[in-house]
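The values are calculated or read from the model by the stated rules, or taken from the named source; none is laboratory data. Remember, it's a predicted structure, so these values are computed and weren't measured experimentally. Positions of Cβ are backbone-derived with ideal geometry, glycine not excepted, and every protein chain shown enters the neighbour counts. Quick note on the areas: whole protein, heavy atoms, side chains included, nothing else; ligands and nucleic acids left out. Shrake-Rupley method; radii C 1.70, N 1.55, O 1.52, S 1.80 Å.
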Protein chains: 2
Amino acid sequence: MKYFADINVMPMKALLDPQGKAVTGSMRNLGLAEIENIRIGKHITLEIEAPNKEIATAKIDDACKKLLCNQIMEFYEFELREA
Amino acid sequence: MKYFADINVMPMKALLDPQGKAVTGSMRNLGLAEIENIRIGKHITLEIEAPNKEIATAKIDDACKKLLCNQIMEFYEFELREA
């Protein structure tokens, strides 16, 4: 069975996000001062072939921990759907 | 009224995504060869103060077009929810 996954990897809430901070400042210069508290992370989409949803979830969790997410500075969340 | 927005900015489907391609190769080296077709973009969260949802949507659309998304190479989608 094939599944699609949508993964978000974001900087931890307790940490400063300098990129988001800079973009928040740029919003003000563009006349969009009502936009605040921007945080920027990664959005990752992928396809996985697995016998069932539990195995697919475990494999993606593994991929996030081993490669996609630096758990010192980032956290991740994901959603799976059938292809 | 305060709204939270979740924005995804992804490389266009017709374009190669070299970063995603490299990570797909690394999955194979990690023993996760069943993961394929990885694409990597940005996930952006922000807060916006607006009188109603229509205005908030229009402002975020504006922010995406002017600053967050390079529409030559990327597309965006977003969801709004009340704080």
Quiz item: Summed for both chains, how many Å² of accessible area, to the nearest 100, are buried between B and A with a 1.4 Å probe?
Solution: 2700
Quiz item: Summing -39500 (n - 2.57) over the DSSP H runs of n ≥ 4 in chain B and dividing by its residue number, what mean residue ellipticity at 222 nm do you reach, to the nearest 500 deg cm²/dmol?
Solution: -8500 deg cm²/dmol
Exercise. Under 11 Å from the Cβ of B:Arg28, count the other residues' Cβ atoms, weight Lys and Arg +1, Asp and Glu -1, and hand me the total.
Key: -2
Practice problem: Roll a 1.4 Å probe over the protein heavy atoms and report the accessible area of A:Ser26 in Å², nearest 10. | Solution: 40
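Under a point-charge model restricted to the Cβ atoms of Lys and Arg (+1) and Asp and Glu (-1), what is the dipole moment magnitude of chain B relative to its Cα centre, in debye to the nearest 20?
The calculation lands at about 240 debye.
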Quiz item: Dipole magnitude of the protein assembly as shown about its Cα centre, charges +1 at Lys/Arg Cβ and -1 at Asp/Glu Cβ only, in debye to the nearest 20?
Solution: 440
Practice problem: Quick one: angle between helix A:18-29 and the longest Cα principal axis of chain A, in degrees between 0 and 90, rounded to 10, please. | Solution: 50
Quiz item: At a 1.4 Å probe radius, carbon and sulfur cover how many percent of the accessible area of the range B:8-83?
Solution: 53
Quiz item: What percent of all Cα-Cα pairs in chain B falls in each 10 Å bin, counting up from 0?
Solution: 17, 36, 25, 17, 5, 0
Quiz item: How far is the Cα center of the range B:33-83 from the Cα center of the range A:1-80, in Å?
Solution: 13
Practice problem: Within a 10 angstrom radius of each residue's Cβ in A:15-21, how many Cβ atoms of other chains show up on average? Whole number is fine. | Solution: 1
Quiz item: Projected onto the charge dipole of the protein assembly as shown (+1 at Lys/Arg Cβ, -1 at Asp/Glu Cβ, origin at the Cα centre), which of A:Phe4, B:Gly25, B:Asn8 gives the Cα projection farthest towards the positive end?
Solution: B:Gly25
Self-check item: Shielding of A:45-55 by partner chains, average beta-carbon count, 10 Å
Solution: 4
Practice problem: Apply 1/(1 + (r/R0)^6) to the Cβ-Cβ distance of A:Ala14 and B:Asp6, taking R0 = 22 Å, and write down the FRET efficiency to the nearest 0.05. | Solution: 0.65
Practice problem: Take the rotation relating chain A to chain B, measure from its axis to every Cβ in chain A, and name the nearest residue with the distance in whole Å. | Solution: A:His43, 2
Exercise. Provide the three semi-axes, in whole Å and in decreasing order, of the ellipsoid equivalent to the protein assembly as shown as defined by the square roots of 5 times the Cα gyration tensor eigenvalues.
Key: 31, 16, 15
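With every protein chain left in place, what is the accessible area per residue of chain B in square angstrom, probe 1.4 Å? Could you put the intermediate results ahead of the total?
Working: 4660 Å² over 83 residues.
Here the per-residue accessible area is 56 Å².
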